[in-house]
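The values are calculated or read from the model by the stated rules, or taken from the named source; none is laboratory data. Remember, predicted model here, so these are calculated numbers, not experimental data. Every residue, glycine among them, receives a Cβ derived from its backbone with ideal geometry; neighbour counts consider all protein chains shown.
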Protein chains: 2
Amino acid sequence: MLTKQEHEIYCVANGAVVTPKGFKAAGVHAGLRYIKKDLGVIVCDVPASCAAVYTQSHFQAAPLKVTQESIAVEQKLQAIVVNSACANACTGEQGLKDAYEMRELCALQFGLPSHYVAVASTGVIGEFLPMEKIREGIKKLQPSVTEESAHAFQTAILTTDTVMKQACYQTTIEGKTVTIGGAAKGSGMIHPNMATMLAFITTDANISSPVLQEALRSITDLSFNQITVDGDTSTNDMVVVMASGLAETTELTPRHPEWNKFYDALKKTCEDLAKQIAKDGEGATKLIEVRVSGAVTDDDAKRIAKQIVGSNLVKTAVYGADANWGRIIGAIGYADATVNPDCVDIALGDIVMLKASEPQPFSEEEATAYLQNHEIMIHVDLHLGNGTGVAWGCDLTYDYVKINASYRT
Amino acid sequence: MLTKQEHEIYCVANGAVVTPKGFKAAGVHAGLRYIKKDLGVIVCDVPASCAAVYTQSHFQAAPLKVTQESIAVEQKLQAIVVNSACANACTGEQGLKDAYEMRELCALQFGLPSHYVAVASTGVIGEFLPMEKIREGIKKLQPSVTEESAHAFQTAILTTDTVMKQACYQTTIEGKTVTIGGAAKGSGMIHPNMATMLAFITTDANISSPVLQEALRSITDLSFNQITVDGDTSTNDMVVVMASGLAETTELTPRHPEWNKFYDALKKTCEDLAKQIAKDGEGATKLIEVRVSGAVTDDDAKRIAKQIVGSNLVKTAVYGADANWGRIIGAIGYADATVNPDCVDIALGDIVMLKASEPQPFSEEEATAYLQNHEIMIHVDLHLGNGTGVAWGCDLTYDYVKINASYRT
């Protein structure tokens, strides 16, 4: 089932990382966790162009270092192996050794050069990978193109996420269908860990690695980098894209007449996954979307949007269905961006609360009713220029505190 | 009762803003709130040298503008009038007019030029001051030097703070006693508002306004600017110091041989108030102090300390008595500072958890017991240089969510 989007981008219902041509997936229970699947793989039929972005944390976990090394060799990937339950972060020499071995095992299993394999981990910090389980688990990986295998992969990468995250978009380039599929995990807590975000994207687009890298970097800034659950950044965050080229168009570059279709489809996939992550933030009951317009620059707008959606006071107000625009003003107030304090508009959905920085009369009842929705939209217009930006987050609830305070009690 | 501190600084138990020579205070119920006192004043017998620092928010409330105007004229103040319940923020022209009138009324009441009067407000954003009540209230202000009147002032400036904040330190300069007293309010929530921090400090030191301003700015960066309750900054934050000069020493400047005593006493007063504010953060059950050493610069150390103490994941872990050093690593990881990820030490109180970035064995039981305390100390050593920094905050609890989500339900 397809739903039409802007630029003739179609959303593929139930589409996943196996939908683009050339990709298979698998997920198994390797015993790192008690019952749930905990080890997954995506394999491509051919060496794929690739791109990746990584956490900005000073402490990059071992698998990120190994993945960067793999990509550096030829800028090609053919498999990504991922485990949950253990982040393999802050594990020193041994951790690096384990990540290399995990890569090697995956390469052997699928008959690939080891530098065609990327490695990702999420879970406990400061503990070593249980390599015996990883060794046995990798042997059990039997990738296929079925919806079931995509689900198995999507499940294997989760920690305390409450739902799987998948997205798939299609467009037509040179009359041929180009597909992009993605899987992600969001903020989950396994002691002692912090939120980790992982996203794996596949596409059959014909595109070189440098061009894909450039597109991914710019799109990440508009999607994954614009979500916040609690302002904390993990040691393991990573987004990896593989492009098989099997859609068989001519090579896509920004000079290709239909480039925008590919770019927008990739953006749509990332945005969709990002929103799913935000919505499934720990303890969250509501997705909050903040749209800022009229900023001097897009960067200013993005910064302000993220500041608002990251404010604990805004997040608790949304949880409590309290139309508390003073807290939005507060969050705008300390953003590192150009603001004229006398000409700000704020609206909650369609309800205008502030116009040219003057409070507007509104129906409290209507506002409270609006805030009962599961998706809340906050609009801010700064009336200074043409800069726009969007950010996504979630409300701050009792359950956030519960999940993060009482995990071990 | 005096307690000795470093540099012969003594803590004066029960000392307050009326303890330094030349200062009186008062606080009354003007009817802005239902029952509690809501209007207060500090008056000096003489025109006092003064210094002030203000919120960095783009939206500075009207009273801050008026106070800045007052000080600009002669750099002297003789009275500070403060109301709670209404912040007089985002109130446009009318708000500014009201703040001027409040200043004027106070000047008339005490026979002062209006530019000797500072104005401060805290409470609801976007509502006008109930001027009739302010007018009547100011007439009732009868400042005196009693402990009772200091308490009345301290109470009048609170919003949902659960306790009064006062501090007083003394030192001896040229054989004469120099006293510094302070009152503060912290994060309280009155709909629709965000945390506001106000601090009023009095001293009988003989010091010029520019020198005092310089000292206040540097000390604020080490005290009030190093606390965080929820990362939100108010439109109304302000710290004001008045110096009567009545201790009758020669004029204090950094070249005075006993300058450090004055500086340290002022710092001690600000730090003490800052810690009281952090400890009484909304819903807080514990004060968290983070000490960072071995940074390349003091700024790096301060930034990292504040990042740790501001992390929701660290705050919830402390609430849940969970010795979760992975979250501290997470917070250090995204600090904008120089960090070598291979040589970080982390300790919780005296319990070493990480040494040269390697996890250390420790007793979970002992760590959990330590985290039951009401004051929690986190030490981080970066082993890079001599930079040090401290920050204070509080745990994130169910009550924080309750106070901020369910205020209107």
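Points to keep in mind about this one:
- Qualifying residue in region A:326-339 (condition: modelled with pLDDT of 90 or more and of a type in the set (Phe, Trp, Tyr)): no
- Failed condition for A:Gln78, given (1) touching a Gly at 6+ places or on another chain (Cβ under 8 Å); (2) in a strand (DSSP E or B); (3) of a type outside the set (A, V, I, L, M, F, W, C): (1)
- Selection count where residues are in contact with a Lys or Arg (Cβ under 7 Å, 6 or more places away or on another chain) and modelled with pLDDT under 95, scope region A:198-218: 1
- Just one of the listed residues (A:Val46, A:Val73, A:Val53) is surrounded by fewer than 24 Cβ atoms within 10 Å (Cβ to Cβ), among the hydrophobic types (A, V, I, L, M, F, W, C) and under 20 Å from A:Gly186 (Cβ atoms), and it is A:Val53.
- Screening B:Val66, B:Val73, B:Val43 for residues that are over 23 Å from the mean Cα position of the chain (by Cα), outside any loop (DSSP other than H, G, I, E, B) and more than 14 Å from chain A (Cβ to nearest Cβ) leaves exactly one candidate, B:Val73.
- Residue match in region A:230-250 (condition: more than 26 Å from A:Val290 (Cα to Cα), within 14 Å of chain B (Cβ to nearest Cβ) and at pLDDT below 95): yes
- Among the residues of region A:299-321, those that are facing chain B (nearest Cβ under 8 Å), surrounded by 24 or more Cβ atoms within 10 Å (Cβ to Cβ) and closer than 22 Å to B:Thr122 by Cβ comprise A:Ser311, A:Asn312, A:Leu313, A:Thr316, A:Ala317.
- In region A:21-40, of all residues being within 16 Å of A:Ala184 (Cβ to Cβ) and not basic (Lys, Arg), the one that is surrounded by the fewest Cβ atoms within 10 Å (Cβ to Cβ) corresponds to A:Phe23.
- Of all the listed residues (A:Thr171, A:Thr155, A:Thr162), the sole one being assigned to a strand (DSSP E or B) and either hydroxyl-bearing (Ser, Thr, Tyr) or over 21 Å from A:Val17 (Cβ atoms) (or both) is A:Thr171.
- Count of residues meeting criterion [under 26 Å from the mean Cα position of the chain (by Cα) and loosely packed, with under 14 Cβ neighbours inside 10 Å] in region B:130-145: 1
- Considering region A:357-397, and only residues there that are within 11 Å of chain B (Cβ to nearest Cβ) and surrounded by fewer than 17 Cβ atoms within 10 Å (Cβ to Cβ), the residue that is nearest to B:Ala321 (Cα to Cα) turns out to be A:Thr368.
- Single residue of region B:202-242 satisfying the filter (in a loop (DSSP other than H, G, I, E, B) and of a type in the set (Ser, Thr, Tyr)) that is surrounded by the fewest Cβ atoms within 10 Å (Cβ to Cβ): B:Ser208
- Annotation note: of A:Arg291, A:Arg327, the sole residue that is facing another protein chain (nearest Cβ under 10 Å) and surrounded by 16 or more Cβ atoms within 10 Å (Cβ to Cβ) is A:Arg327.
- Among residues of region B:366-384 that are in contact (Cβ under 8 Å) with a residue 12 or more places away in the chain, none has a beta-carbon under 9 Å from a residue that is of a type in the set (Phe, Trp, Tyr) and surrounded by fewer than 15 Cβ atoms within 10 Å (Cβ to Cβ) at least six positions away or on a different chain.
- Test for A:Lys24: is it part of a strand (DSSP E or B) and touching a strand residue (DSSP E or B) at 6+ places or on another chain (Cβ under 8 Å): yes
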